[in-house]
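A short worksheet on the structure shown next.
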Amino acid sequence: VSLADYAAVALENARLLVQVEEAKEREKQQIRGLFERYVAPSVVEKLMVRPETVQLGGVLQDATVLFADIRGFSDFSVKATPEVLVDVLNYHIAVATQAILAESGTLDKFLGDGVMAYFNAPLPQQDHALRAVRAAWRLCRAVEVSHKKLAVASRFHFGVGISTGDVLVGNIGAPQMMNFTVIGDTVNMGRRLQQSARGGQILISRRVHEVVQERVDAVPAGELEFKGHPQPEPVFEVVSVEL
């Protein structure tokens, strides 16, 4: 083999190495673009170190889903000016966001005057159910504290619902618009629990209660019917959380 052949092989290997590194960098930037606005900065940095831990396709896994919605905001929106409406809404949503990120939750989307988040993705969290309940507790307590800065007419509380179980997690949508999100019965249960919660109330599913009961005080709050379930499921109200 001639020296020229060795040089050609070395050049080709170097070119391939550059392509691999460029592909890795594109993958990192894709992950950063997906998550930097929806998870805590510390989580983003962990993802950058180990981007291979994120499965952007679809995978079925255990996760905990949190829904929080501002109670009474629809009536307020009829009376308030657009400027006041946006300020009050953003204020409360910001409080909820900070509480969720404090427990390393992933913000999924804002739903009008509410928010959806999930735990145990994109990074695994062994205590994801407890993190979700703590986030809800932080949220409700932070709202109470923040109300000292607001006029009485601008004070609102969140109703919160939390469920845990199997979800389909991954990039879901159309080629033109995709979101890393979770779908499935667990998501529907979380939304149903939130819809049934009063302002300031945190409702959790039976399975969440089973997982967190050693660290969370919760009392029976009756039963709820869930679409696709043959019979009503018991639910619990969180009354105290060990932070």
So Ala80, is it at pLDDT 85 or above, among the aliphatic types (A, V, I, L, M) and more than 17 Å from the chain's Cα centre (by Cα): yes
Test: Leu130 is closer than 18 Å to Glu210 by Cα and touching a residue at least 40 places away in the same chain (Cβ under 8 Å): yes
Residue count for segment 228-243, restricted to those that are within 22 Å of the chain's Cα centre (by Cα) and not in a strand (DSSP E or B): 2
Residue in segment 151-171 that is modelled with the lowest pLDDT, counting only those that are open to solvent by less than 60 Å² (accessible area, probe 1.4 Å) and more than 20 Å from Arg198 (Cβ to Cβ): Asn171
In segment 52-77, residue modelled with the highest pLDDT [restricted to those that are assigned to a helix (DSSP H, G or I) and of a type in the set (Asp, Glu)]: Asp75
Candidates Val95, Val133, Val145, Val88, filtered to the one that is open to solvent by 40 Å² or more (accessible area, probe 1.4 Å) and assigned to a helix (DSSP H, G or I): Val145
Count of residues meeting criterion [of a type outside the set (Phe, Trp, Tyr) and assigned to a strand (DSSP E or B)] in segment 101-128: 9
Output for segment 177-190, where each listed residue is closer than 12 Å to Gly161 by Cα and either touching an Asp or Glu at 6+ places or on another chain (Cβ under 9 Å) or buried (at least 17 other Cβ atoms within 10 Å of the Cβ) (or both): Thr186, Val187, Met189, Gly190
Residue, most open to solvent (accessible area, probe 1.4 Å), within segment 98-114, restricted to residues that are acidic (Asp, Glu) and touching a helix residue (DSSP H, G or I) at 6+ places or on another chain (Cβ under 7 Å): Asp113
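The values are calculated or read from the model by the stated rules, or taken from the named source; none is laboratory data. Owing to the predicted nature of the structure, the values given are computational and were not obtained by experimental measurement. Ideal geometry is used to build each Cβ from the backbone, glycine not excepted, and the neighbour counts take in all protein chains shown. Accessible surface areas use protein heavy atoms only, side chains included; no ligands, DNA or RNA. Shrake-Rupley method; radii C 1.70, N 1.55, O 1.52, S 1.80 Å.
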